[in-house]
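The next block holds one structure in the form of structure tokens; read it before the comments.
Since every read-out is calculated from the coordinates, none of them should be taken as a lab result. In this text the structure is predicted, and so the values were computed from the model without any measurement. With ideal geometry, Cβ positions are generated from the backbone for all residues, glycine too; neighbour counts draw on all protein chains shown.
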Amino acid sequence: MLLKLLREKKLLEKYKGKFKVVPEASLNKLGEVVLEKRVKKYVTDTGKVIWVVVGKERDYYVKPNEYCTCRDFFLNVVIRKKRKWCYHMLAVEVAIDLGFFEEIKLSEDELLAVAEEWMKV
Ligand SMILES: [Zn+2]
């Protein structure tokens with residue numbers, strides 16, 4: 001389903017190489033995350049943008065092309081240097097390209113309150 005969409009939008013070539021190094025189970029999860037719009041874009045009234053992937057057990061903060069707070073990122077990107085991304089990072093990238101994300105506008109105080117939740121897990 002996701003691959004079909006990417007093919008239709010002529011984006012498949014862009015992601016082929018990146019998808020190749022991610023385990024298949026993660027790719028399935030990536031598809032679910034994007035299609036279920038579990039990628040959230042938090043935009044504060046002061047113009048800050050925070051990307052978050054809502055997982056089954058916890059949420060992950062993602063800085064596109066740079067960073068993710070998940071275990072896979074730490075193990076396979078930071079320590080083992082197997083690849084440069086985890087599937088959450090790819091999910092955010094794909095979601096941006098397809099416009100498949102939910103945008104949530106909030107004040108900076110509200111963002112900090114939400115972030116407290118992210119930091120608990
Ligand atoms: Zn991740």
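Relative protection proxy for 14-23, 81-90, from highest mean packing down: 81-90, 14-23 (other beta-carbon atoms within 10 angstrom).
Could you give the semi-axes, largest first, of the ellipsoid that matches the chain, computed as the square roots of 5 times the alpha carbon gyration tensor eigenvalues and rounded to whole Å? The three semi-axes for the chain are 24, 18, 12 Å.
Just to be sure I understand: of the beta bridges DSSP finds with both ends in segment 2-120, what percent are antiparallel, rounded to 5? Counting DSSP beta bridges with both partners in segment 2-120, the antiparallel share is about 70 percent.
Amide H contacts under 5 Å for GLY55: TYR60, restricted to partners 5 or more places along the chain or on a different chain, H placed in the peptide plane at 1.01 Å from N. Could you pull out every residue, at least 5 positions away or on a different chain, whose amide H is within less than 5 Å of the one on CYS68? Hs are placed 1.01 Å off N in the peptide plane, and Pro or chain starts have none. For CYS68, whose amide H was placed from the backbone, the distant partners under 5 Å are LYS63. For the chain, relative contact order (Cα pairs under 8 Å, six or more residues apart, normalised by length) works out to 29 percent. Seen against the Cα atoms of the chain and their longest principal axis, helix 24-35 is set at about 50 degrees. What are the lysines whose alpha-carbon lies under 28 Å from the alpha-carbon of LYS16, with same-chain residues fewer than 8 places away excluded? Within the straight-line cut-off, LYS16 pairs with LYS4, LYS29, LYS37, LYS40, LYS41, LYS56, LYS63, LYS81, LYS82, LYS84.
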